[in-house]
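Participant: First the structure, then my questions, so here it is.
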Amino acid sequence: MDELCGFTFEEFALWMERAGEKRFRAAQVFDWIYRKGATSFEGMDNLGKGLRERLQASLRFPLIKLVSIQDSKDTSKFLWELSDGKLVESVLIRSFDRRTVCLSSQVGCPARCAFCASGRQGLMRSLSTAEIVEQALHIDRYLKEKGERVCHLVYMGMGEPLENYDAVLKSIKILNDEKTLHISQRRMTVSTVGISPMIRRLAGEDLSVNLVLSLHAPNQHLRKKIIPFARKYPLDEILTSMDEYATETGRDITYEYILIAKINDAEEHAVELAALLKDRQCTVNLIPYNPVEGLRLERPEKNAVSIFRDILQAKGIRTTWRYTKGDDIAAACGQLALQTAETPLIGVGT
Ligand code: SAH
């Protein structure tokens, strides 16, 4: 059975035509789900009963079911159950009038970063295009009731987006379309652990999404220890592919650096990082490690973070420093779904 939210508008219009229907019917269905918040075909009262029944019988929608919403001051964590019973999460981040949704691209993650909760269970499976699109769609519907809408997307939830390349790319195109949520690509950000061939491929797609590399170390030797997955991809190749992305798209590149006490937060790491990124058009985003239960890592003192930042800035590297939002509900990216994943519901042994 086809997944409704896995279709671009053009594909769905063709699908309708093949089913012997007029093209405008496709626009009506998209209007119902992406604008009017319909969650079933039943209520689409400008479609005939026969058509509604045929759609119901041949299209899967909705695919993901809301299990719970956990609110904190400026974030809300949405837990979804997929049709095979697996669980995945998204986070809504409120900042002034900006509403950002952090999307998951896989259940679990193959990267197994030392500081991250998502990778601890390993990769279970990739999400389909529709499972990614529906996270944004249902949160947008939730916001509409409050007169708000999703305006930014970050692919920073569970999983490695570039390991699920086709579905992620298609979800970008669908969510960007004016017949859906119409979110500007400039307001979308893909965050990757660094898969150089896939970064180069993304650079050739004629997109204008922002790209973030989860760097976390100033050299390959230390990086491999923090990110076992990085063994396969030499750092110099990753940086070259990031440069290529910046040149091809004209978008700024961000390097994310999680500071972990006594591992990668020393002054010499900052000096080495500044040398690595010298003359590169980029911003470094420093994030103090957000404690994950069961991991014996520590967040650095505030002072260590500001010394690290000052060294980078003195060497001309643009640096931002954000406090991770949502610690109180474990909604920080990388802390998603583990708590529930440890219950027998989906039978994962960690
Ligand atoms: N696989 C992709 C996207 C998912 S992780 C990637 O590696 O970029 C996205 C981000 O989650 C990481 O860069 C990191 O900033 C954040 N993250 C994960 N675990 C964290 C933790 N314990 N503390 C702070 N940030 C964390």
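The values are calculated or read from the model by the stated rules, or taken from the named source; none is laboratory data. This one's a predicted model, so the numbers in the text were calculated from it and none came from an experiment. Cβ coordinates were reconstructed from backbone atoms using ideal geometry, including for glycine residues, and neighbour counts include every protein chain displayed. The accessibility values were calculated without ligands, DNA or RNA, using every heavy atom of the protein model including side chains. Shrake-Rupley method; radii C 1.70, N 1.55, O 1.52, S 1.80 Å.
Participant: Quick one: angle between helix 267-277 and the longest Cα principal axis of the chain, in degrees between 0 and 90, rounded to 10, please.
Facilitator: Between the helix axis and the principal axis of the chain, the angle is about 60 degrees.
Participant: While we're here: Kindly write out, for segment 73-79 in residue order, the coupling ³J(HN,Hα) from the Karplus curve 6.51 cos²θ - 1.76 cosθ + 1.60 (θ = phi - 60°), rounded to whole Hz, with x marking Gly and Pro.
Facilitator: Karplus values, whole Hz, x for Gly and Pro: 4, 10, 9, 9, 9, 9, 9.
Participant: Among M198, M242, M158, which one shows the biggest mean-square fluctuation in a GNM of the chain, springs joining Cα atoms closer than 10 Å?
Facilitator: Ranking M198, M242, M158 by mean-square fluctuation puts M198 first.
Participant: Using unit Cβ charges (K, R positive; D, E negative) and no other charged atoms, how large, in debye to the nearest 20, is the dipole of segment 101-181 about its Cα centre? Before the final figure, lay out the partial values.
Facilitator: Numbers: 10 positive and 10 negative charges, 28 e Å.
In total the dipole reaches around 140 debye.
Participant: Right, here's the next one. Residues with amide H under 5 Å of A38's amide H, sequence separation 5 or more or different chain, H placed in the peptide plane at 1.01 Å from N; which?
Facilitator: Correct list: I33.
Participant: What is the angle, in °, between the Cα long axis of helix 302-314 and the longest principal axis of the Cα atoms in the chain? Nearest 10 is fine, range 0 to 90.
Facilitator: With rounding to tens, the tilt is 90 degrees.
Participant: Moving on to the next point. Indicate the gyration tensor shape class of segment 2-60 (rounded, prolate or oblate), computed on the Cα atoms with a ≥ b ≥ c the square roots of the eigenvalues: a/c under 1.5 is rounded; otherwise a/b larger than b/c is prolate and the rest oblate. Show your work: numbers first, answer last.
Facilitator: Details: a/c = 1.33, a/b = 1.12, b/c = 1.18.
Judged from the Cα gyration tensor, segment 2-60 comes out rounded (a/c under 1.5).
Participant: Separate question: Can you list the residues, at least 5 places off or on another chain, whose amide H is less than 5 Å from the amide H of M188, using H built in the peptide plane?
Facilitator: Amide H neighbours of M188: L153, N210.
Participant: Heads up, I need the accessible area for K146: 1.4 angstrom probe, whole protein in place, Å², nearest 10.
Facilitator: The accessible area comes out at roughly 110 Å².
Participant: Under the rule of at least 5 residues apart or a separate chain, name every residue whose amide H is placed under 5 Å from the amide H of W321.
Facilitator: L286
Participant: Along the principal axes of its C-alpha atoms, what lengths does segment 65-341 span, in descending order and rounded to whole Å?
Facilitator: Principal axes ranked by extent give 49, 41, 36 Å for the Cα atoms.
Participant: Related question: Give the lysines whose C-alpha is closer than 21 Å to that of K146, dropping any in the same chain fewer than 8 places away, or say none.
Facilitator: K36, K65, K73, K77
Participant: So, one more: Can you list the HN-Hα couplings for segment 191-197, worked out from phi with the Karplus curve (6.51, -1.76, 1.60; θ = phi - 60°), rounded to whole Hz and with x for Gly and Pro?
Facilitator: These are the phi-based 3J(HN,Hα) values: 10, 10, 6, x, 10, 3, x Hz.
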